[in-house]
Amino acid sequence: METNNFEEKQVEEQRVEQVKEVEQIQQLNQKSNKARLLSLQALIVLAWKQILSSFTWSKKGLTRKNVNTLVVILMLALSFWLGYEKGKQSAQIDSTPIKIGDVVLENKVSNTDNTIDFSLFWSTWDLLKNKYVDSDKLDARKLVYGAIKGMLQATGDPYTTFFDPEENKKFNEDISGNFEGIGAELGIKNGILTVVAPLQGTPAEKAGLRAGDKIIKIDGKAAGEMSVEDAVSHIRGPKNTTVVLTIFRDGSKDTQELSIVRNIINVKSVVLSFRENNIADITITKFGDDTEKGFADAIARAVASHPKGLIIDLRNNPGGYLQTAVNIASKLLPKNKIVVIEEASNKQQDKMYTRGGDVASGLETVVLINEGSASASEILAGALRENRDNVTLVGKKSFGKGSVQEFIETPQKTAAKITVAHWLTPKGNQINELGIKPDVEVELSSDDYLNGRDPQMDAAIKQIKDKLANK
């Protein structure tokens, strides 16, 4: 107790000394500003005396000598005035946001309103290096990666992210569809780590993970502060190992735990099947590397069978490549139809059109969507509905990811994914955080799911039958 009291007394004495130092600095600043003001007033008085006593007029006006004297005195007065005003401004802390396009980064003390002193970063770096208790265990490369991630996270956009070499490798595995894990697409929605969609036939789907589930913990570790990349890193793991997710599902009163055994995830992104009455059903699970070719083969086989109608199942499809969505739309829409409108930060719009190759726009079509349909899925669903009269959307409102990211390879096998635009439907409708509402809303309950029922697919088939019966 005595030791604690002594330490507290020392801390208090140090605090008092710091307060005194701050007060002395403030007093010096006030004296300095007062001195500048007095000097300025003296100069102004001197200027007026010189004007009244020594300036001589002639028919031609002021003499050259008097003009020069006046100019010099006024310039001195102006210099003192500007110095005084600058001194006042520098004593204030400016918290006004500086636009990233206007900022000047320098490794020295800031001296302009739009300058950020980047030496602060290195000063903090040195503090960590010299004072951190386990500094010998720190990885400088990880510190730099962490700083870059923090900078991108500060945008407030969950889709603008940085990938270190390991994360970059995993991301490319995701797109190719071959990796070890549970097979679920994750995202941040309303600030909460959320399941965008479990991929079809994967351990996540088989364990009962559903689109919209909020992940509270991963193996007992709170997920609230995790980025998507951090969460993926914790969930991924070798085949036959287990990860426990604590989730909260809308409509439930409490959280629940799901134990999921990891496996090799090799997802086929396009699957063709046929329903009753020769209705073709093409399921697209993602827009990845193999999707365009897979869809081209599937739609060719479907059309060759002369189907009565077509179902495009985009449920639990988290998206993928934008260009793949455009190319698939080209198989389902006439040439030169708008698929999507990209809108940049300056509101400039870039329209992307179908390229030709339409083979199915004449077929009565239903597009199935749900809470797990996101990004490229929403682009395709919106384009089909707004460009064709024979398309009906069935299911639940989609996820609502209306932004476009550019994936950019950066040095040292790292990468960045930057949001470069928002996208709008062909008729200019914004869906970011709003989603796309189906024409026919149909719920798929937990009881339906557990008992193998699919009322959404049943409604899609009925929709096509009814439309054909009324022709």
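Among strands (runs of 3 or more DSSP E) lying entirely in segment 385-471, which contain 1 or more residues that are assigned by TED's automatic domain parsing to the domain that holds Gly320 and over 30 Å from Gly156 (Cα atoms)?
Where strands (runs of 3 or more DSSP E) fall fully within segment 385-471 and carry at least 1 residues being assigned by TED's automatic domain parsing to the domain that holds Gly320 and over 30 Å from Gly156 (Cα atoms), they are 391-395.
Where the second residue is in a loop (DSSP other than H, G, I, E, B) and surrounded by 11 or more Cβ atoms within 10 Å (Cβ to Cβ) and the first is outside the structural domain of Ala415 (by TED's automatic domain parsing) and aromatic (Phe, Trp, Tyr) and lies in segment 126-147, which pairs have Cβ atoms under 7 Å and are six or more apart or on separate chains?
If the second residue must be in a loop (DSSP other than H, G, I, E, B) and surrounded by 11 or more Cβ atoms within 10 Å (Cβ to Cβ), the pairs left are Tyr132/Leu138; Tyr145/Asp164.
Taking Gly224 and the conditions (1) in contact (Cβ under 8 Å) with a residue 40 or more places away in the chain; (2) not in a helix (DSSP H, G or I), which numbered condition does it fall short on, given that it satisfies the others?
Just one mismatch for Gly224, condition (1).
Give Gly356, Gly372 a once-over and let me know the one that is assigned to a loop (DSSP other than H, G, I, E, B) and at positive phi.
Of Gly356, Gly372, the one residue that is assigned to a loop (DSSP other than H, G, I, E, B) and at positive phi is Gly356.
Take segment 419-471 and flag every residue that is under 18 Å from Arg275 (Cβ atoms), modelled with pLDDT of 95 or more and in contact with a Lys or Arg (Cβ under 9 Å, 6 or more places away or on another chain).
Val442, Gln456, Met457, Ala460, Ile461, Ile464, Lys465
Could you say which residue among Ile299, Ile264, Ile312, Ile279 is touching an Asp or Glu at 6+ places or on another chain (Cβ under 7 Å) and in contact (Cβ under 8 Å) with a residue 24 or more places away in the chain?
The match here is Ile264.
Could you go through segment 378-396 and let me know if any residue there is among the polar types (S, T, N, Q) and under 20 Å from the mean Cα position of the chain (by Cα).
Within segment 378-396, none of the residues are among the polar types (S, T, N, Q) and under 20 Å from the mean Cα position of the chain (by Cα).
Name the residue, out of Glu173, Glu229, Glu205, that is assigned to a helix (DSSP H, G or I), in contact with a strand residue (DSSP E or B) (Cβ under 7 Å, 6 or more places away or on another chain) and surrounded by fewer than 17 Cβ atoms within 10 Å (Cβ to Cβ).
Glu173
Given the conditions (1) modelled with pLDDT of 90 or more; (2) in contact with a helix residue (DSSP H, G or I) (Cβ under 8 Å, 6 or more places away or on another chain); (3) outside the structural domain of Ala415 (by TED's automatic domain parsing), report the number of the one that Arg275 does not fulfil.
In the conditions (1) modelled with pLDDT of 90 or more; (2) in contact with a helix residue (DSSP H, G or I) (Cβ under 8 Å, 6 or more places away or on another chain); (3) outside the structural domain of Ala415 (by TED's automatic domain parsing), Arg275 misses (3) alone.
Every residue in segment 435-454 that is surrounded by 13 or more Cβ atoms within 10 Å (Cβ to Cβ) and free of Cβ contacts under 8 Å to residues at least 40 places away in the same chain, please.
Within segment 435-454, Asp448, Arg453, Asp454 qualify.
Which residues, taken from segment 404-434, are surrounded by fewer than 18 Cβ atoms within 10 Å (Cβ to Cβ) and of a type in the set (Phe, Trp, Tyr)?
Of everything in segment 404-434, just one residue is surrounded by fewer than 18 Cβ atoms within 10 Å (Cβ to Cβ) and of a type in the set (Phe, Trp, Tyr), namely Phe407.
Going by what's in this entry, would Ile264 be described as modelled with pLDDT of 95 or more and of a type in the set (Val, Ile, Thr)?
no
Within segment 176-196, count every residue that is modelled with pLDDT under 90 and more than 17 Å from Arg236 (Cβ to Cβ).
Going through segment 176-196 one residue at a time, the tally reaches 4.
Just checking: which of the strands (runs of 3 or more DSSP E) contained wholly in segment 242-328 hold 1 or more residues that are out of contact with any Lys or Arg (no Cβ under 9 Å at 6 or more places or on another chain) and under 29 Å from Trp423 (Cα atoms)?
The strands (runs of 3 or more DSSP E) meeting that bar are 270-275, 279-284, 309-313.
Of the residues that sit in segment 233-271 and are surrounded by 14 or more Cβ atoms within 10 Å (Cβ to Cβ) and among the charged types (D, E, K, R), which one is farthest from Gly288 (Cα to Cα)?
By that ranking, first place goes to Arg249.
Can you name the number of the only condition in (1) outside any helix (DSSP H, G or I); (2) surrounded by 20 or more Cβ atoms within 10 Å (Cβ to Cβ); (3) over 24 Å from the mean Cα position of the chain (by Cα); (4) of a type outside the set (Ser, Thr, Tyr) that Glu180 fails?
In the conditions (1) outside any helix (DSSP H, G or I); (2) surrounded by 20 or more Cβ atoms within 10 Å (Cβ to Cβ); (3) over 24 Å from the mean Cα position of the chain (by Cα); (4) of a type outside the set (Ser, Thr, Tyr), Glu180 misses (2) alone.
Give the residue that is surrounded by the most Cβ atoms within 10 Å (Cβ to Cβ), with candidates limited to residues of segment 100-136 that are at pLDDT 65 or above and touching a helix residue (DSSP H, G or I) at 6+ places or on another chain (Cβ under 8 Å).
Out of the qualifying residues, it is Trp125.
Do the conditions hold for Ala223, that is, is it buried (at least 20 other Cβ atoms within 10 Å of the Cβ), modelled with pLDDT under 95, among the small types (Gly, Ala, Ser) and over 28 Å from Thr291 (Cα atoms)?
In short, yes.
For Lys397, only one of the following conditions fails: (1) basic (Lys, Arg); (2) closer than 19 Å to Thr324 by Cα; (3) touching a Gly at 6+ places or on another chain (Cβ under 8 Å). What is its number?
(2)
The values are calculated or read from the model by the stated rules, or taken from the named source; none is laboratory data. Everything numeric in this text was worked out from a predicted model, so none of it was measured. Every residue, glycine as well, gets a Cβ built from its backbone with ideal geometry; the counts of neighbours run over all protein chains shown.
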